[in-house]
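The values are calculated or read from the model by the stated rules, or taken from the named source; none is laboratory data. As the structure is a computational prediction, the values presented were derived from the model and not from experiment. Every residue, glycine as well, gets a Cβ built from its backbone with ideal geometry; the counts of neighbours run over all protein chains shown.
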Amino acid sequence: MLGIPLLPPMKTVLRLALCLGIASLLLAASPVQAKDRPPSPAWTMNDLDGKPVYSADFKGKVVLLNFWATWCPPCRAEIPDLIALQKAYGPRGLQIVGASVDEGGPAVVKSFAAANKINYPMVMATAEVTMAYGNIEAIPTTFVIDAQGRPVKSFVGAINKAEIEKLIAPLLPKADAK
C-alpha cells in the first residue's frame, strides 16, 4: 500500500484558501454599535527587525490592521490604496499596520516593503494573533479599530478605498481641529 495523502499538504491548502478567500471575499462583518463593542484583542508582534510592536503603541489612533502576504495578488493590489490612505489620513490619527503571514520570514517582507515604498509599519503575524482575531482564514483581511481600541468593521478581501474613507472619516478628528 502506498502512502499517498488524500489531501494536498496543509501548507498548500492554507495558501490556496488564504489567497483565494473562497466565498469569504463576498462577506464582510457588519458595523456594530459602539456601546456593544468590546475592545479588540491586544497583541504583540515583531517588526521586520525583530523588535516587538504592541497594539498599545497605537493607543488613541484609528488602526487598520491588515493581514496580508507578499505572494497574494489581492493583497498586493490593495497596497497602493493603503499607502495613499496612510499618507492622507496619518496626520489625522490613522495608523495602518501590515501583519504579514509570509512563511519566508521578515527578510522577504522587508525587501518587498522597500521595493514598494510602504509607508506604514510591518509586523510578522503570529498564530496567536490570527486566532485572537477570529482565526484569519482568508487574506487580505483588514480590521478597522477605533481610537478607543474597539473594532468597527472587518473586511475579507481587498479593501475598497472609498468605503474605507467613508468609514474612517467620522472616526478621525476634523482636519483643522488638531
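If the condition is being closer than 21 Å to Thr44 by Cβ and either in contact (Cβ under 8 Å) with a residue 24 or more places away in the chain or in contact with a strand residue (DSSP E or B) (Cβ under 8 Å, 6 or more places away or on another chain) (or both), then the stretch 135-147 contributes Ile136, Ile139, Thr141, Thr142, Phe143, Val144, Ile145, Asp146, Ala147. Each residue in the stretch 53-71 was checked for being assigned to a strand (DSSP E or B) and under 18 Å from Glu103 (Cα atoms), and 3 of them qualify. In summary, helices (runs of 4 or more DSSP H) completely within the stretch 72-151 and bearing 2 or more residues that are β-branched (Val, Ile, Thr) and touching a Ser or Thr at 6+ places or on another chain (Cβ under 7 Å) occur at 106-115.
Which one is farthest from Ala147 (Cα to Cα), of the residues in the stretch 28-56 that are among the aliphatic types (A, V, I, L, M) and modelled with pLDDT of 55 or more?
Within the stretch 28-56, the subset among the aliphatic types (A, V, I, L, M) is 28-29, 32, 34, 42, 45, 48, 53, 56.
The next check asks that each one be modelled with pLDDT of 55 or more; those that pass are 34, 42, 45, 48, 53, 56.
On the way: Ala34: 12, Ala42: 14, Met45: 20, Leu48: 25, Val53: 17, Ala56: 11 Å.
This residue is Leu48.
Within the stretch 115-134, the set of residues being buried (at least 18 other Cβ atoms within 10 Å of the Cβ) and in contact (Cβ under 8 Å) with a residue 40 or more places away in the chain comprises Pro121, Met122, Val123, Met124, Ala125, Val129, Thr130, Tyr133. Against the criterion of being modelled with pLDDT of 95 or more, buried (at least 17 other Cβ atoms within 10 Å of the Cβ) and on the phi > 0 side of the Ramachandran plot, Gly93 qualifies.
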